[in-house]
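The values are calculated or read from the model by the stated rules, or taken from the named source; none is laboratory data. A quick note: this is a predicted structure, and the numbers were derived from the prediction, not measured. Here Cβ is always computed from backbone atoms with ideal geometry, including for glycine, and neighbour counts include all displayed protein chains. For accessibility, only protein heavy atoms count, side chains too; no ligands or nucleic acids. Shrake-Rupley method; radii C 1.70, N 1.55, O 1.52, S 1.80 Å.
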Amino acid sequence: MALSNDIDMDKQGEKMLRDAFQNTVEAMENSKGQIYEIYENTKSDVEASTVMLKELKEETRKLQDEVDMLVHCEQQEKQRLVQVSSNFANYSEDKIRESYEAVKDVQVRLALAKEKEFQSRRQRDRLELRLRGMEETLMMAERLATKLGTVVGYLTSQISNVVAQMDVASKNKFLGVQIIKAQEDERLRVSREIHDGPAQEMATLVYQASICERLVDTHPEEAKKGLQ
């Protein structure tokens, strides 16, 4: 009964071990799938951000060109204003006002262009920083997926070998239990035979010997016959 219980417990332990092994492989497979999903999503973000960064760089370059052009225009209008102001008597009031308005207009346009350039440059720099982070995540996800895939592949290839070894061990243990049980049965059989045969004969001989011992002094001939 105890051996049977031990066998049942061993089988239960083997089942738990197999389930744990299988669950581990499945968990790693799921993790690999999640890593691949992260990789694909990050890859899409990297591609989209790369296109956006290219557009931002082009926009920033155009804004820089516009700022440079407006700076040059501002210098020209200021020079014209200085010329008008230094020859105040030679220019009409409308001409002078026009020169002031031209300088003011260029300065407003220049301020707006500089602000746009600043915002575009800042957005470009932020996107470049974010893109570097996504590229690092992409490389990390790729390395993890590769390593995890290798581990899962190795474990999967070893499952059949491990299960086969567990089956062999289980069969060997069951065979050992059967041998022990057979030995116990044989020992009990021999014990019963000894108890039913030679033990009874030995008890009879001891009893007869005790009778002969009593007859030695009083009836020697009967004692001699009994011993024979």
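Of the residues making up the range 46-57, just one is closer than 25 Å to residue 146 by Cα and open to solvent by 70 Å² or more (accessible area, probe 1.4 Å), namely 47.
Scanning the range 58-85 for residues that are open to solvent by 80 Å² or more (accessible area, probe 1.4 Å) and in contact (Cβ under 8 Å) with a residue 12 or more places away in the chain yields 59, 78, 80.
Given the condition among the aliphatic types (A, V, I, L, M) and surrounded by 13 or more Cβ atoms within 10 Å (Cβ to Cβ), answer yes or no: does some residue in the range 86-95 qualify? No, there is no match, as no residue in the range 86-95 is among the aliphatic types (A, V, I, L, M) and surrounded by 13 or more Cβ atoms within 10 Å (Cβ to Cβ). Scanning the range 30-42 for residues that are surrounded by 14 or more Cβ atoms within 10 Å (Cβ to Cβ) and over 10 Å from residue 141 (Cα atoms), which turns out modelled with the lowest pLDDT? Here the answer is 31. Which one of these is exposed (fewer than 13 other Cβ atoms within 10 Å of the Cβ) and assigned to a helix (DSSP H, G or I): 129, 110? From the options 129, 110, the qualifying one is 129.
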